[in-house]
Amino acid sequence: MHAYNRLPGSGQTTPSPSPPSSPRSPRHRQPRSKPKPHSTLAQRLSWFLISFLLRRQRILLLAPFLYISVMLFYTGKLSLDHVIPLAIKSRLSPGSVYRSPQLYAKLRPHMDADNSSMDAISTIWNHPKEGEWRPCTNTSSGGLPESNGYIYVDANGGLNQQRTSVCNAVAVAGYLNATLLIPNFRYHSIWRDPSKFREIYDQSFFISTLVNDVRVVDKVPGYLMERFDQNMTNVANFKVNAWAPVDFYKDIILPRLLEEKVIRISPFANRLSFDAPPAVQKLRCLANYEALRFVSPILTLGESLVAKMKELSANNNGKYISVHLRFEEDMVAFSCCVYDGGKKEYEDMNTARERGWKGKFTRPGRVITPGAYRINGKCPLTPLEVGLMLRGMGFSNSTAIYLASGKIYDSERHMAPLLEMFPLLQTKEMLASEELAPYKNFSSRMAAIDYTVCLHSEVFVTTQGGNFPQFLLGHRRYLYGGHAKTIRPDKRKLALLFDNPKMGWKSFKRQMLTMRAHSNAKGFELKRPSDSIYSFPCPSCMCRVNKKINSNTSSAT
């Protein structure tokens, strides 16, 4: 494959004479001015306070104490819960108190009594105005020229960050006319999954799908590895900056590849710009949407759970919704947000933060402001808040929900209200406890099962962002004619609504329906230069279908 370029008036004033100094004896002091007889109480109090401070200069000795007290309060190490009167506490800044449970208690009776509309799962999506789109990632035909050498990459992170590495590695290898070794999945201390590529993805299918576009092998020939004592760690490693342009690989990596014949790039996640030539984008599409298929045991179990969810949602013609909920202990701890767990939550979160990120949150100068995080949409939505949002969007209590998540923090308490609102809610553990036993200690394989069930749901709801929902967003667009069928809530707006326990059901529902309509409008979006190819497959990975023949070609998607 050939390389591509894409470059894109000073007057003076005389001071007035100073008045004579007043005698220092108290007997000769000037008479003090007094407040006007008709001044308000607030004005009189202000006047006395100022007079006191001016006459008692020793009050300045308290300044250091006042400064330290204010700083302790601001950093959260001094609580004023037992000092501030209730009338003042009620005027605390928005987001500083987790009020969603109070709102739920107020709205619950009205929510259950509302039968004013059809269930949202049958009416939510409109067809995109741009018409239908279909996948078009056909493989090349004919043979490949002689390889320029071998490229080996270390894929780091969790399941979908590793997926990014794999797809980018395919694109780089094809662009440089190199042979790609099956990427190495590096063990990560947070995900703690030692799985290799062949234990998550169908390796033979991956190689055969790419055979006409990129050579992929599982090992370097022995005669080449003799130079490195048969040890890949002895191969020269290239450090590549994040989002490197393709020209970097042509100008810097290719000459060394031709010279060394084997090169290593570690780490490799996000090491290729999204603004790439069409030929490079095509290889990314081919790898992500066609070549990467989960191994048979994972795929079979995932499809089994899909069938169970469709059976459970028979009253909705087999349509269910999936929710990616990020309310695990490490996620809550990392966010530094405060909920309603009191002292136990405070201790749990401090322990989790120290265990996972030693010293990161306790270093000098670090300021933690949970209220500001919540108002800025940085706090993970709780199960209760997800339930409120979905009921407000028109999903009835008969809607089947698949919950994709790790272990929910304090799950018995936090999950209770969500199960009250959606009694048909299921998790992979609830649907297949015995079948999951072989995967319990493998977070990436568990995530692959969740990915499969979410991919085939009628609606996908993301609550926190990250690689998992971003890949699903694009993959669902690829499968559903260009429309994501995904709800991405405005968490800043939600924070303000949840902070108002006095809000009525009709007002809350109106706001949620508007948010739902916004997600529908954003379901179809064309990729811009800096956007992820994995979230925005149109137009790089898909072709537009003529509107007049939509009804005849919908089966192609």
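The values are calculated or read from the model by the stated rules, or taken from the named source; none is laboratory data. Remember, it's a predicted structure, so these values are computed and weren't measured experimentally. Cβ coordinates were reconstructed from backbone atoms using ideal geometry, including for glycine residues, and neighbour counts include every protein chain displayed. Note: areas computed on protein heavy atoms with side chains; ligands, DNA, RNA excluded. Shrake-Rupley method; radii C 1.70, N 1.55, O 1.52, S 1.80 Å.
Report yes if E347 is assigned to a helix (DSSP H, G or I) and either under 19 Å from the mean Cα position of the chain (by Cα) or at pLDDT below 95 (or both), otherwise no. Don't jump to the end; show me each part of the working.
Details: assigned to a helix (DSSP H, G or I): yes; either under 19 Å from the mean Cα position of the chain (by Cα) or at pLDDT below 95 (or both): no.
The answer is no for E347.
Can you name the condition, by its number, that I151 falls short on among (1) farther than 30 Å from H483 by Cβ; (2) open to solvent by less than 20 Å² (accessible area, probe 1.4 Å); (3) in contact with a Gly (Cβ under 9 Å, 6 or more places away or on another chain)?
It fails just one condition, (3).
If you take the residues of segment 446-485 that are open to solvent by 30 Å² or more (accessible area, probe 1.4 Å) and not in a helix (DSSP H, G or I), which of them is nearest to R163 (Cα to Cα)?
G466
Scan segment 258-280 and tell me whether some residue there is over 29 Å from P539 (Cα atoms) and basic (K, R).
yes
Here is a yes/no grid of residues against (1) open to solvent by 40 Å² or more (accessible area, probe 1.4 Å); (2) under 21 Å from Q162 (Cα atoms); (3) out of contact with any Ser or Thr (no Cβ under 6 Å at 6 or more places or on another chain); (4) at pLDDT below 95:
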| position | (1), (2), (3), (4) |
| --- | --- |
| H188 | yes, yes, yes, yes |
| R198 | yes, yes, yes, no |
| F206 | no, yes, yes, no |
| D218 | yes, yes, yes, no |
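Regarding S313, is this residue within 30 Å of G394 (Cα to Cα) and open to solvent by less than 30 Å² (accessible area, probe 1.4 Å)? Working first, answer last.
Working: within 30 Å of G394 (Cα to Cα): yes; open to solvent by less than 30 Å² (accessible area, probe 1.4 Å): yes.
Considered against the rule, which asks whether it is within 30 Å of G394 (Cα to Cα) and open to solvent by less than 30 Å² (accessible area, probe 1.4 Å), S313 comes out as yes.
Of everything in segment 220-237 that's open to solvent by 20 Å² or more (accessible area, probe 1.4 Å) and in a loop (DSSP other than H, G, I, E, B), which residue is farthest from S140 (Cα to Cα)?
D229
Condition check ((1) modelled with pLDDT of 95 or more; (2) among the acidic types (D, E); (3) buried (at least 16 other Cβ atoms within 10 Å of the Cβ); (4) in a loop (DSSP other than H, G, I, E, B)) across all residues:
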site	(1), (2), (3), (4)
S117	no, no, no, yes
I121	no, no, yes, no
H127	no, no, no, yes
G131	no, no, yes, yes
T137	no, no, yes, yes
G142	no, no, no, yes
P145	no, no, no, yes
Q161	no, no, yes, no
A171	yes, no, yes, no
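May I ask you to verify whether G481 is modelled with pLDDT of 95 or more, of a type outside the set (S, T, N, Q) and out of contact with any Leu (no Cβ under 9 Å at 6 or more places or on another chain)? Spell out how you get there, then give the answer.
On the way: modelled with pLDDT of 95 or more: no; of a type outside the set (S, T, N, Q): yes; out of contact with any Leu (no Cβ under 9 Å at 6 or more places or on another chain): yes.
Spelling it out, it is not the case that G481 is modelled with pLDDT of 95 or more, of a type outside the set (S, T, N, Q) and out of contact with any Leu (no Cβ under 9 Å at 6 or more places or on another chain).
Count, please, the residues in segment 328-352 that happen to be open to solvent by 10 Å² or more (accessible area, probe 1.4 Å) and in contact with a Cys (Cβ under 8 Å, 6 or more places away or on another chain).
Summing the residues that are open to solvent by 10 Å² or more (accessible area, probe 1.4 Å) and in contact with a Cys (Cβ under 8 Å, 6 or more places away or on another chain) in segment 328-352 gives 1.
Kindly state which helices (runs of 4 or more DSSP H) lie completely within segment 359-437 and contain at least 2 residues that are open to solvent by 40 Å² or more (accessible area, probe 1.4 Å). Before you say what the answer is, go through the steps one by one.
Details: elements: 370-375, 383-392, 411-421, 428-431.
Fully inside segment 359-437 and qualifying: 370-375, 411-421, 428-431.
What are the residues in segment 486-529 that are in a helix (DSSP H, G or I), aliphatic (A, V, I, L, M) and open to solvent by 60 Å² or more (accessible area, probe 1.4 Å), if any? Give the derivation first.
Within segment 486-529, the first condition is being in a helix (DSSP H, G or I), and the residues that meet it are 491-498, 505-521.
Adding the requirement that they be aliphatic (A, V, I, L, M) leaves 494-497, 512-513, 515, 517, 521.
Answer for segment 486-529, where residues must be in a helix (DSSP H, G or I), aliphatic (A, V, I, L, M) and open to solvent by 60 Å² or more (accessible area, probe 1.4 Å): L496, L513, A521.
For segment 244-257, name all the residues that are loosely packed, with under 13 Cβ neighbours inside 10 Å and more than 14 Å from Y175 (Cβ to Cβ).
Passing the criteria: only P255.
Might you let me know whether segment 273-291 holds any residue that is buried (at least 19 other Cβ atoms within 10 Å of the Cβ), among the hydroxyl-bearing types (S, T, Y) and part of a helix (DSSP H, G or I)?
yes
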